[in-house]
Each structure stands twice: as C-alpha cells, then as structure tokens.
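To keep things clear, I will list the structure first and then write my remarks on it.
The values are calculated or read from the model by the stated rules, or taken from the named source; none is laboratory data. Note that the structure is predicted; figures quoted are calculated from it, not measured. Cβ placement follows ideal geometry from the backbone for every residue including glycine, while neighbour counts extend to all protein chains displayed. To get the accessible areas, we keep the full protein, side chains included, count just its heavy atoms, and leave off ligands, DNA and RNA. Shrake-Rupley method; radii C 1.70, N 1.55, O 1.52, S 1.80 Å.
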Amino acid sequence: MLFNLKLGLFAAAVAAASADEGSLRILHNVRHSNKQRSHANGVNRVESKPRSGGTQALPCLLLEKVKETGHGVVRSWHCTLEGEDVKKAGYEGSQATVAIDGIGFVNDAYDGELSSGDTKILATNAVIDSTDAKLTITASSHITFSHVQTRRKLKSSTGTQKVLVVRVTLSDGKAPQSSASLMSDKVFGTSGDVVNAKSVFEGCSHGKMQVVPATGSGVTNGVMELTSSAGSSGTDDQIYDDVLSKLRAHFSVSDLATSFEFILIAIPDGIMNGAWAYPQTPYSIYGDPNVLYPTMTVHEMGHNLNLDHASEGADTNGDHQGMMGYVIDHDEGTAAKLCYNPAKNWFIGWYSDRLKEVKPQLAEYSGNLIGVGNYDKISGDDQIVLKLAGPSGEADYYIGYNHASGWNEGTHESVNEVTVVKQKPGLEESNKVASLSQGQEYKISNYLNLGSDVTIKVTQVDANTASGFAAVQICSGACGSSPNPAPVAAPVSAPVSPTGGCVDDASWRDTDDWSCTDYINSNMCDPNGDWAVNGVSANDACCHCKGSGPSPTPAPVSPTGGCVDDASWRDTDDWSCTDYINANECDAHGYYAVNGVSANDACCHCKGSGPSPTPAPVSPTGGCVDDASWRDTDDWSCADYINADMMCDDAGDWAVNGVSANDACCHCK
C-alpha cells in the first residue's frame, strides 16, 4: 500500500486497529509523510531451540542501520519480524530484527524511497534463514508495501527526553572497561563533567530539548547494568536483540519507547568498532568506550532524530562543521562543543521561528544570519537558516552562518563562514557545496530551470562571539553593490476574472501533481510554499488558498469578552495553541487531549472546528447516495469516514474488492 502523503500540514484521526496487532490505525485528513517513532524491539535468541526456518508470513518493519566504524560508514537494511516469523528465525518472543539479503529487489519494486522505521514489506517466497538470522528476498518475490504512520511529526527533538544508558556484561563475564558511574558522568554530567551529551543537546537547542537520566528499578543516575545471554562470540545484532528483550521484561512493557526517548546500549570492546543507530527509533549501540564521547552520542542520537550524515564531496562524513559529519572521539573542552549544519538545523525543530524560505526569482533577499550559538540573542528579522527550493524532486539549498560561539564554538571547519548545504527532505545525507567568507559568493546556475542564475553573496562577516552576524544577499543574476533589495513586482496570484471574481490557474500543479481542485477536496493549503513549483504554490495559484497562511498570533485577548487562548495548555505531544495555528490543525475528537481538554477546548483557532455531523444527504432526485452496506478492510462505513474527518482513501489502501471510500461514500467522491 503506497501513500502519497505530505509533511507539515495535517490533522489525523486515530482509530483502534485489529486486536491481534495491538496497534493504532492512523487516518489522514491531509497528506503528510511523518513517520512513526517505530521500534525494532528484539527478542532473546534461544540457541537450544530448533531453528525451523520457513517463508515470510507477516509484514516486517524496515530499519536502516547506520554504522560508524574506524573504516568509515556502513549502511545496511534490517527487518523486524513479528508473530510466527520470529520462531522461523530461531528466536522467541513477539519481535526479532534480522538482516535482509536482496534489498535491491525491494528498492526496485518500490516507487519512491524506503523509509527506515516506516516502511513495512511482505515478500512472497522470501526465506527466513534461521542459521544466519536473515531474510532472503529474490527476483521472484512479489513484494507488497505498507506504512506505519503517526498523525503529524517525526520523533520529537524538543521537550523532556528520558535517556537510558545500558551497560552490558556478556554471559562469559566480559564487560566494558568504562564503569557505569563514568558513563553516567559522560552522558549526563552527574559527577561534574561539563561537556557531555546532555549539555550539548541542551546548549545547542537553547533548552528546547531537555535530557534527563532515566529512573526506575535497577537504574542509577540514568545507567542500568544488564547481563546478556550472548557471549563474546556473539554479534552486536544478537546482543542488541537480547538486550531489548530483557529490558522489555524488566520494565514490563511491550514498547520501550513508551518509557524512554533514547536507549544507549554500551557493549564491551572487541565485539564491534564504533557505533550504530536505527533512525526513527530510540536505539543506538556503542562499542566501549564510544558512549563516553559526546561527538559520538550526539551523532548517533541525531540519527534517532531522523538526521542523516553531513557529507562534503564524496566523503560521507566530510562536512565537519557539525555533529552529523564529525564522529571523532572528542570528549572534553571546545573540541566537543559543536551543533549541526544548516540543513539539519532546518529540520531539527529548535529554531523554527528563525527559518526563512526565500524566492529570489520573485524578490531579492538581503538580511543577516546569526549563528546557532547566539540564537537566544537574535532580534528583528535576523535568521538562523535560509532555504532556497531546488527543482522538483531534487535537493534544496540551506544557508547558515557557522559562527564559532556558544555551544558551537568548537566547530572544526568553515569557521565563521557562511555555508551552503544541499539536502532533500527527510532522512537524507546533506552535502556542503560552499563555504563563503566576506566578499565571496556562490552561484546556482539556471536556478529552478528558469533560465537565470541565482547568486548568494556574503557582504559582511562579524565574528564577535557575543554579537556576530553575517550579512547575506540572494539575488536573481548578479548581486549589486547595494545591500538593499531591488524593487521587484509582487508575484501574480490566481488570475482575476473580468467580473472581479477569483479564477484558479487550471494548468498549475504542485510537486506531487496536485491541482487546485485537490487542495479544495483536502481542505489544505501551502502557506510556506513547501510544494511549490518554480516558486508558485497553491497559495499563489488557487483561490481556495489565497491569503490562507496561518495567523501569526493566536486569537487576540479581548477585555470585553473575546476569545482567549489557554497559554498554559499543552496536548499529549506538547503542542500549544500556537503550534495548532502554525500547523492549521485542530483536534475535533480529542485524541490528543490532556485531562479531557483538547485544542478544541483550549484554543480559539479550533473552537467549533468539529467535523460535519452527518453524511451527504440521500436525494430522491439524483443526489449522491452513500453505499450503506459497504465496509472497508477495518470495517469502517461511510459514516465512520465522515466522523473521523479524514482525507478519504485516494490510494485505495483500505479498499475491499476494489471498492474504497472514494467509490462508496459521497463525502469522499
């Protein structure tokens, strides 16, 4: 089942899925590609049981292992088996993560990019090898796809993050040389260490991400001692599976992510070099002593937060201005005080009020960039990152000032320079393409295939640690000597009819081939131009969206009885009323309510936003009539689709005998 979903603007409704799976079915009111914080919970390998083998019977969740070694980066795909397939791999329990042989066949069959922690596969004739604990897929396999989705966002990088460090002793007594107390100090600073994973995350985020040591039975200062059933001859994958199984049993939970945002597994030296992580999960694993180094832990935990490597040229980790490119084992002092590059800073969620997309084909930009270390001092219209959209399906450009100040004072290259980084959205490597000092410029030839170049020019650099900035111009063609933007005519929005009414641009399509009609049917718009083509978004082309950008502030406070947002209220995902405004979302069914209070109770933006109460009327004169007998694969009727206020089922993901909600329900036609 393939979804064409969009990131950023959404309002999902949740319904219970089958009791057998014990999961949630997430329904989409608008397109998004937000991935569930999926979990590769392993189980205990039981060597004494017969290794049955067999063919795959149930979908498994794809996980991409990103492993840092002394010889570079190794990437490999694994799959988390469930149900009866677990025993076929020689394991016990509810889940087991195994390697995949034949991932190329999966890529060939999938229309798009596989997403770690989101894509599920079921391959006919795929063999589960119990000897090597792997899933072998061949050219003859017919592969079907499904997705695990949450309503709106990736694994959170803000708020309180509970972190558990697991110090693993093997069954033969081999243990990490680093003590539990030392690990606690180097990850959390519990004994006075100044530069550690906790301080780097909290410093770079300016307190938006709060790292707290886990608590609970057997946990001391965030660290738990655990003995694995695996011995020194075991692999890191076997230890990983065994540790997760024991943790689930110890804490009496089936999903460890309900208790911990991050789990760092520290194993003895000699089993593996370096470290690795599964993106979009809580899990990372470290060969001793790598868990002691913030340049390693912040890098691997960055993968958990859906950040990929920062490359330069052909070197996967070659961009050393930030943590996703620099994985050398630095521990103390300024050498370990660095944050992320501009592309990662755009996605990380810490500087959302200081990110700006510019469209030089419409108007020249002139302004100041501030380094992340001085984010707390920013004022006016100064920005942390500027974005230039790339051609449809290609990487975008992200521009930032790599100021060596605050918690970024240890940046190792492009110091006090403006850097230009290219990256596609999502879990993608970034690539640094330029480092600019004062007076230098970078040219993008034939920008957006419009026939003209775009120039990024640095007109001034101030490296003062307290008040530094970089002045930047972004121009269509060459930048003049004046930093002031040249007057440019405003872009033409949807055309106006001779009688004064608005007319949609019928020929316009966005990056997903959506027309204005599609935006109307989905009741969405594109105020940030995320899916614009050649700088033209739905908000330029469609009457439905003209002027639809989110309000810059919540509903005003009125001393005479006007609506007032509850400024102290937060939902289950720590969203405030302002977040709901910015996302153009509400919570008509109270799925994310706290103590019975949802956004529709607390936020003026959402009051009265519930879904239509009844289906489309049945008309004896030819109007639309719902198929009252129809049900989808989850036994949902047309009335359920209306009450869930969902986008419908454009792709037929829940169709029965080829009939989906879009065929059976007037609400969805």
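Scanning region 264-275 finds no residues that are at pLDDT below 95 and under 30 Å from L388 (Cβ atoms). Filtering V433, V415 for residues that are among the β-branched types (V, I, T), surrounded by fewer than 23 Cβ atoms within 10 Å (Cβ to Cβ) and in a loop (DSSP other than H, G, I, E, B) leaves a single hit, V415.
Taken over region 55-83, residues that are open to solvent by 20 Å² or more (accessible area, probe 1.4 Å) and either modelled with pLDDT under 90 or within 28 Å of the chain's Cα centre (by Cα) (or both) amount to 15. The criterion of at least 2 residues that are within 22 Å of E417 (Cα to Cα) is met, among strands (runs of 3 or more DSSP E) falling completely within region 267-383, by 355-357, 365-369. Evaluate the following for Y278: is it aromatic (F, W, Y), open to solvent by 10 Å² or more (accessible area, probe 1.4 Å) and in contact with a Ser or Thr (Cβ under 8 Å, 6 or more places away or on another chain)? For Y278, the condition - aromatic (F, W, Y), open to solvent by 10 Å² or more (accessible area, probe 1.4 Å) and in contact with a Ser or Thr (Cβ under 8 Å, 6 or more places away or on another chain) - is not met. Residues that are touching a residue at least 60 places away in the same chain (Cβ under 8 Å) and either of a type in the set (V, I, T) or in a strand (DSSP E or B) (or both) within region 99-123 comprise A99, K120, I121, L122, A123, listed in sequence order. When V472 is tested against the conditions (1) in a strand (DSSP E or B); (2) over 23 Å from A314 (Cα atoms); (3) open to solvent by 40 Å² or more (accessible area, probe 1.4 Å), the lone failure is (3). The set of residues from region 645-659 being of a type outside the set (D, E) and either touching a strand residue (DSSP E or B) at 6+ places or on another chain (Cβ under 6 Å) or modelled with pLDDT under 85 (or both) comprises M646, M647, C648, A651, G652, W654, A655, V656, N657, G658. If you check H303, H330 for being modelled with pLDDT under 95 and within 20 Å of L114 (Cα to Cα), only one passes: H303. Answer yes or no as to whether S233 is over 20 Å from S181 (Cβ atoms) and exposed (fewer than 15 other Cβ atoms within 10 Å of the Cβ). Against the criterion (over 20 Å from S181 (Cβ atoms) and exposed (fewer than 15 other Cβ atoms within 10 Å of the Cβ)), S233 qualifies. Within region 190-217, the set of residues being small (G, A, S) and closer than 23 Å to N374 by Cβ comprises A197, S199, G203, S205, G207.
Here's the yes/no breakdown for (1) open to solvent by 50 Å² or more (accessible area, probe 1.4 Å); (2) in contact with a Leu (Cβ under 9 Å, 6 or more places away or on another chain):
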site	(1), (2)
T160	yes, no
L164	no, yes
L170	no, no
A175	no, no
S178	no, yes
S181	yes, no
V187	no, yes
V194	yes, no
A197	no, yes
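Remark: pairs (first residue in region 155-177, in a strand (DSSP E or B); second residue modelled with pLDDT under 95 and open to solvent by 30 Å² or more (accessible area, probe 1.4 Å); Cβ separation under 7 Å; 6+ apart in sequence or on different chains) = G159/D574. F260 meets all of the listed conditions (1) part of a loop (DSSP other than H, G, I, E, B); (2) at pLDDT below 95 but one, namely (2). Out of F201, F251, F260, one residue alone is more than 22 Å from V298 (Cα to Cα) and of a type in the set (F, W, Y). It is F251. Looking across region 436-452, the residues that are of a type outside the set (G, A, S), open to solvent by 50 Å² or more (accessible area, probe 1.4 Å) and outside any strand (DSSP E or B) come down to Q438, Q440, N446, N449, L450.
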